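Comments concern the structure below.
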Amino acid sequence: MKGGMDPEKGFVGPFHAFDAAQATAYLTLYEEAFGPASDASNLTDKRFQSHLYLPFVVAIMSTEAILKQVRAVLGPDLLVWFTEWHVKRPASSSKYTPHQDSTYAGLVPAEDVVTVWVALTEATRTNGCLEFVPMTEYHGEQLPHVEDPGDSANLLLRGQRIASEHLDFTAKAVPVELRPGEATIHAFRCVHASGPNRSDASPRVGLAIRYMKPSVRQTQGGRREGAMLVSGQDDFGHFDLQPLPSEAWDRGGLALHAREMEVMRVNYMESRRKEEG
Ligand SMILES: O=C(O)CCC(=O)C(=O)O
């Protein structure tokens, strides 16, 4: 990884993506689509890949200030492979245990994939901001994860976490607080986590956007995946290029979303079970 992010460290930010008024406007659109941020329990699998059917999500991931930062890391040609809303309502125990995004993704090379996490509300130590471990602490390697699907407070699908014998997260993590409209970038192998929302009033709403070079390949699962071109060109054709939604709840976009959720189930849940089987 070259350019805007120190490859040894593996994360960068906060940086300014858009102003607070724009963040509030996007939060209103989020709430129109998904309901009040103070009640995150109503998020279904529509929280994944909502750029397929909501134009304002495409607007966020195409924000020039974000693309400029990502181009400095990955170069001029950029695909978005995945988006996900990460919402913690006030006074909730929901958390993300220490993990690496690369773990189950199958994308190669991992160095050519990054996550931007953009805040629509403030994200603080109190309401559970992201915390990163500099990659120098573990030489940027892929670390083993253990799974605890029984931990209902863990928002990760498999309840996965890096065991403390591999990394002492609490001792090494750096919390990064964000104001509405600020963002961070972290490398695919950067260990990160976030704690519960201990605030009584402040929901924490962020959008994670995974960008990659078009040369990246998917190496697991049998189904071909899609991605959206947001900068430059795709000279590789490793992913089906997704069309932009023309309106909120775009019908074609919703049909594509249903297909992508099925692909995700086959490529990530089913193929993994077979490997374990
Ligand atoms: O929103 C969070 O606290 C965790 C998000 C995360 O793990 C990610 O975006 O990779």
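Read-outs: derived from the displayed coordinates by stated rules, not from any lab. Quick caveat, the model's predicted, so the values are computed rather than measured. Every residue, glycine as well, gets a Cβ built from its backbone with ideal geometry; the counts of neighbours run over all protein chains shown.
Net charge near LEU120, counting Lys/Arg +1 and Asp/Glu -1 over other residues with Cβ under 11 Å of its Cβ? Kindly include the intermediate steps, with their values, before the conclusion.
On the way: positive: ARG179, ARG204; negative: GLU31, GLU122, GLU182.
Net local charge, LEU120 excluded: -1.
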What does the charge count near ASP240 come to, summing +1 for each Lys or Arg and -1 for each Asp or Glu among other residues with Cβ under 12 Å from its Cβ?
-> 0
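So if the hydrodynamic radius of the chain is defined as the Kirkwood radius over C-alpha pairs, what does Stokes-Einstein give as its diffusion coefficient at 10 °C and 1.306 mPa s, in µm² per second? Each step should come with its number before you reach the end.
Numbers: Rh = 18.9 Å.
This corresponds to a translational diffusion coefficient of 84 µm²/s.
Could you give the dipole magnitude of segment 11-276 about its Cα centre, charging the beta-carbon of Lys and Arg +1 and that of Asp and Glu -1, in debye to the nearest 20? Kindly include the intermediate steps, with their values, before the conclusion.
Details: 26 positive and 34 negative charges, 41 e Å.
Using only the charged Cβ atoms, the result is roughly 200 debye.
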Just give me a number: lysine pairs in the chain, eight or more positions apart or cross-chain, with C-alpha atoms less than 19 Å apart.
-> 6
Quick one: compute a quarter of the convex hull surface over the Cα atoms of segment 83-190 and quote it in nm².
-> 7.0 nm²
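List the GluC sites (Glu not before Pro) within segment 190-260 that fall in a DSSP loop (any state other than H, G, I, E or B) and whose Cβ has at most 11 other Cβ atoms within 10 Å. Mind dumping the intermediate values first?
Numbers: sites: GLU225, GLU247, GLU260; in loops: GLU225, GLU247.
For GluC sites (Glu not before Pro) across segment 190-260 that sit outside H, G, I, E and B with at most 11 neighbouring Cβ atoms in 10 Å, the list reads GLU247.
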Difference of contour (0.36 nm per residue) and Cα-Cα distance, ALA21 to SER93 = 23.0 nm
Under a Gaussian network model of the chain whose springs join Cα atoms within less than 10 Å, the largest fluctuation of VAL133, VAL174, VAL57 belongs to VAL174
Please provide three numbers in whole Å: the alpha-carbon extents of segment 1-128 along the principal axes, with the largest listed first.
-> 39, 30, 28
10 Å-binned pair-distance histogram of segment 139-277 (Cα, whole percent) | 8, 27, 37, 25, 4
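Please report, ordered by residue number, every helix of the chain (full DSSP H runs) that is 18 Å or longer along its axis going by C-alpha atoms and whose mean Kyte-Doolittle hydropathy reaches 0.0.
Those that pass (Cα extent of 18 Å or more, hydropathy at least 0.0) are 20-34.
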Nitroxide proxy distance, nm - points 7 Å out along Cα→Cβ at ALA59 and LEU244 | 1.2 nm
